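Worksheet: one structure, shown below.
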Amino acid sequence: MSMGYPTVGEVAVGIELTAESFAQRKALLTLTAEEEQLLRQVQPRMSAYTEQLIEAFYNHLIQFEGVSDLLKENATLQRLKVTQKRYFERLLSGQYDYEYALDRLAVGIAHQRIGLQPQWYTGAFGSFVQHFSLGLQHEFRYAPEVSSQVLTALNKLVLLDVTLALDAYSHAAHNAIMRARDDAQNRFDEQAKHIEQLAFYDTLTGLPNRNLLGELVEQQLTVTRREQRTLALIYMDIINLKEVNETLGHEVGDALLKAVSLRLKQTIREMDLLGRQEQAAGGALARITGDEFALACFVPDGDAVLSLVSRINKAFAEPFRIESAEVTVRKRYGVVLAPHDGDSYEILLRHADIALHQAKARADQVCFYDALLGLKIRERAYLARRLEAALVQSKGLELRFQPQVCLVTGQLCGAEVLLRWFDAELGWVSPNQFIPLAEERGLIDMITRKVLKMAGHQRRVWQEQGLLVPGRIQIKLAVNVSARDLDDSRFANDLLLLLAEEGVSPSDFELELTETGLMRDPEDAINMLHHLKEKGFALAIDDFGTGHSSLNYLKDIDADLLKIDMSFVRNLDRDAANRAIVQTIIATAHIFGMKTLAEGIENEAIADELKRMGCDFGQGYCFARPLTAKEFEQRWLSGQAADVMA
């Protein structure tokens with residue numbers, strides 16, 4: 001014994017702790033080998049929280065009167081934190097043998113030396129479990145079942161540790177120790193109950209969440225198989241929740257979700273859709289994500305689902321009054337029927353989500369899942385993964401250059417840069433497939449940057465070969481830009497950096513933005529375009545005549561070129577209406593000091609007519625299809641360079 005304090009060995013003898021009695025303590029708490037293994041597996045991921053847990057542990061203690069006096073000496077506090085850090089590292093080691101038990105006693109002795117009372121000690125452990133569980137939920141947010149299992153095992157282990165540490169207060173009365181044990185157990189029970197609530201119920205609405213719905217649906221599927229019944233899983237999406245959040249605030253949005261859940265529960269209760277077991281468990285109605293709810297119930301057939309949807313729509317016809325606002329909820333539904341559309345919860349959930357997204361794509365209110373629909377969506381997902389890999393790895397991506405010609409002189413004035421993609425498994429993939437997919441999946445910004453970098457590199461090669469001579473042979477390379485690109489505040493700087501890396505100038509390039517894309521957010525788009533033009537880029541409005549831009553916006557853009565959409569050009573010689581539209585576009589462009597370029601010119605007759613109408617430039621198969629860099633160089637650049645050199 002040193003300075004009146006017992007050693008670990010003395011404490012172990014005093015409380016009759018042996019390897020056998022320690023094993024018995026573990027057995028009484030039902031701490032299994034599987035749970036020990038689980039704690040060992042999560043240790044690497046939870047080690048990052050060690051310092052945070054130590055701070056939380058002592059911050060909780062020092063806020064209580066009396067305890068703060070005990071810990072006011074920094075040296076004492078730091079020494080305890082070192083001991084505590086070693087304890088937390090051992091806590092998830094997965095090796096809970098007799099040596100571990102002796103180490104636990106050392107922790108208890110350390111706190112006994114500073115006079116820490118048992119009730120404060122157990123309270124700090126309660127705080128530790130709470131903070132640990134928050135880190136656990138965040139780390140395993142996509143696997144709540146794992147966090148629930150880990151917390152159960154941790155509760156047992158911490159209870160084991162607490163009892164060992166409390167026993168280290170070797171002179172405490174037996175009744176005091178039992179009260180501390182009961183207090184610790186109650187805290188752990190409350191924590192476990194709280195974790196169960198988080199794991200199986202939505203915190204905002206109180207409805208079952210995705211996990212609990214899964215258990216209920218699996219029970220219903222058992223009935224479906226046994227009694228040959230049809231189970232409907234209906235996804236309901238609140239279409240305008242984002243709009244409510246953005247215009248009225250998230251507090252109103254949350255209040256709306258609560259009101260929606262209450263009205264749904266009331267409607268379902270009135271229709272008597274759920275059996276007693278389902279109602280006792282909270283009903284097979286759940287909130288799946290922020291704006292999505294799900295209902296699982298037995299139905300005779302698909303018509304019954306439509307009738308159910310109709311009843312829900314009728315119940316939701318009356319607007320919700322949230323604070324001073326009146327909100328009408330707009331909805332869409334995705335529906336699957338078991339066992340036809342799947343025989344497990346995960347499959348049904350995935351198929352219901354597919355049906356819901358298809359309802360959005362079709363602008364339908366209700367969409368039933370079908371296998372062909374699922375196959376198409378899986379194919380699109382696979383194509384998107386292949387495209388992203390191609391962009392990241394720069395594999396299979398090639399440029400094509402379609403000449404742009406002066407209709408008066410017939411000379412080359414520029415080229416539109418087009419991306420082509422060859423996939424090792426899929427072969428050549430049409431731009432009509434991968435460009436819209438890139439827009440949908442948020443990959444279009446990668447494509448824009450990739451195309452500009454490749455085009456900048458090719459232009460530098462041509463310049464070094466003497467095929468493009470700055471100040472003498474003037475052609476611009478036109479690169480398409482999406483509306484999403486203009487939403488990115490870093491876009492302009494990224495383009496300038498890419499071109500600087502390739503050693504070419506912004507003045508060598510023209511950026512094309514579709515009229516429709518421009519009108520998505522015209523004011524911000526115009527500001528970005530002005531910035532790009534100040535940096536030297538030429539600007540073109542693509543597919544003009546197909547959107548709904550106003551003349552005010554057209555004036556404010558200060559573009560250099562209007563590209564007339566090919567849908568007006570193709571039948572120009574046979575369609576008087578198209579001829580009138582094209583003439584109007586040309587006149588409008590000239591009023592605002594812009595040139596015009598007609599797309600899709602397929603024969604000389606149309607080219608001549610456009611020249612007569614005052615169109616400046618042309619592009620289309622009449623002049624050339626999109627060409628590889630080598631073909632473009634041989635057919636269009638070599639001769640022009642020779643003319644200049646002569």
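The values are calculated or read from the model by the stated rules, or taken from the named source; none is laboratory data. These numbers were taken from a predicted model, which means no experiment stands behind them. Quick reminder, even Gly has a Cβ in these numbers, built from the backbone with ideal geometry, and neighbours come from all protein chains shown. To get the accessible areas, we keep the full protein, side chains included, count just its heavy atoms, and leave off ligands, DNA and RNA. Shrake-Rupley method; radii C 1.70, N 1.55, O 1.52, S 1.80 Å.
Structural remarks
Matching residues to (1) open to solvent by 60 Å² or more (accessible area, probe 1.4 Å); (2) closer than 23 Å to TRP636 by Cβ; (3) in contact with a His (Cβ under 6 Å, 6 or more places away or on another chain); (4) in a loop (DSSP other than H, G, I, E, B):
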residue	(1), (2), (3), (4)
GLU425	yes, no, no, yes
ASN432	yes, no, no, no
ARG449	no, no, no, no
GLY456	no, yes, no, no
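- Hits in the range 458-491 - residues which are among the charged types (D, E, K, R) and either within 17 Å of PRO626 (Cα to Cα) or outside any loop (DSSP other than H, G, I, E, B) (or both): ARG459, ARG460, GLU464, LYS476, ARG484, ASP485, ASP487
- Qualifying helices (runs of 4 or more DSSP H) (wholly inside the range 500-565; at least 3 residues being over 30 Å from the mean Cα position of the chain (by Cα) and modelled with pLDDT of 85 or more): 522-534
Condition check ((1) closer than 18 Å to LEU539 by Cβ; (2) open to solvent by less than 50 Å² (accessible area, probe 1.4 Å)) across all residues:
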residue	(1), (2)
GLU464	no, no
VAL469	no, yes
ILE475	yes, yes
ALA483	yes, yes
ASP488	yes, yes
LEU495	yes, yes
ALA500	no, no
SER505	yes, yes
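- Close contacts from the range 190-213, counting a first residue that is over 21 Å from ASP254 (Cα atoms) and small (Gly, Ala, Ser) and a second that is part of a helix (DSSP H, G or I) and modelled with pLDDT of 85 or more, with Cβ to Cβ under 9 Å and a gap of 6+ residues or different chains, come to ALA192/THR152.
- Residue count for the range 598-608 under the criterion of being surrounded by fewer than 18 Cβ atoms within 10 Å (Cβ to Cβ) and of a type in the set (A, V, I, L, M, F, W, C): the result is 1.
- Search result, residues across the range 222-259 that are more than 31 Å from the chain's Cα centre (by Cα) and hydrophobic (A, V, I, L, M, F, W, C): VAL223
- Criterion: modelled with pLDDT of 90 or more, open to solvent by 70 Å² or more (accessible area, probe 1.4 Å) and closer than 14 Å to ILE541 by Cβ - qualifying residue of LYS595, LYS611: LYS595
- The criterion of at least 2 residues that are modelled with pLDDT under 65 and exposed (fewer than 15 other Cβ atoms within 10 Å of the Cβ) is met by none of the helices (runs of 4 or more DSSP H) falling completely within the range 98-191.
- The set of residues in the range 283-308 being in a helix (DSSP H, G or I) and in contact (Cβ under 8 Å) with a residue 60 or more places away in the chain consists of GLY302, ALA304, VAL305, LEU306, LEU308.
- For the range 199-213, the candidate set comprises residues that are buried (at least 19 other Cβ atoms within 10 Å of the Cβ) and in contact with a Pro (Cβ under 8 Å, 6 or more places away or on another chain); within that set, the residue that is modelled with the lowest pLDDT is PHE200.
- Positions within the range 223-259 being assigned to a strand (DSSP E or B) and not aliphatic (A, V, I, L, M), in sequence order: THR230, TYR235, ASP237
- Meets criteria (charged (D, E, K, R) and under 17 Å from ALA598 (Cα atoms)) for LYS476: yes
- For the range 616-623, the condition holds for no residue, the condition being that it is free of Cβ contacts under 8 Å to residues at least 12 places away in the same chain and not hydrophobic (A, V, I, L, M, F, W, C).
- From ALA255, ALA296, ALA284, residue being modelled with pLDDT of 85 or more and either under 20 Å from ASP343 (Cβ atoms) or in contact with a Phe, Trp or Tyr (Cβ under 7 Å, 6 or more places away or on another chain) (or both): ALA296
- ILE606 over 42 Å from the mean Cα position of the chain (by Cα), at pLDDT 85 or above and under 23 Å from GLN404 (Cα atoms): yes
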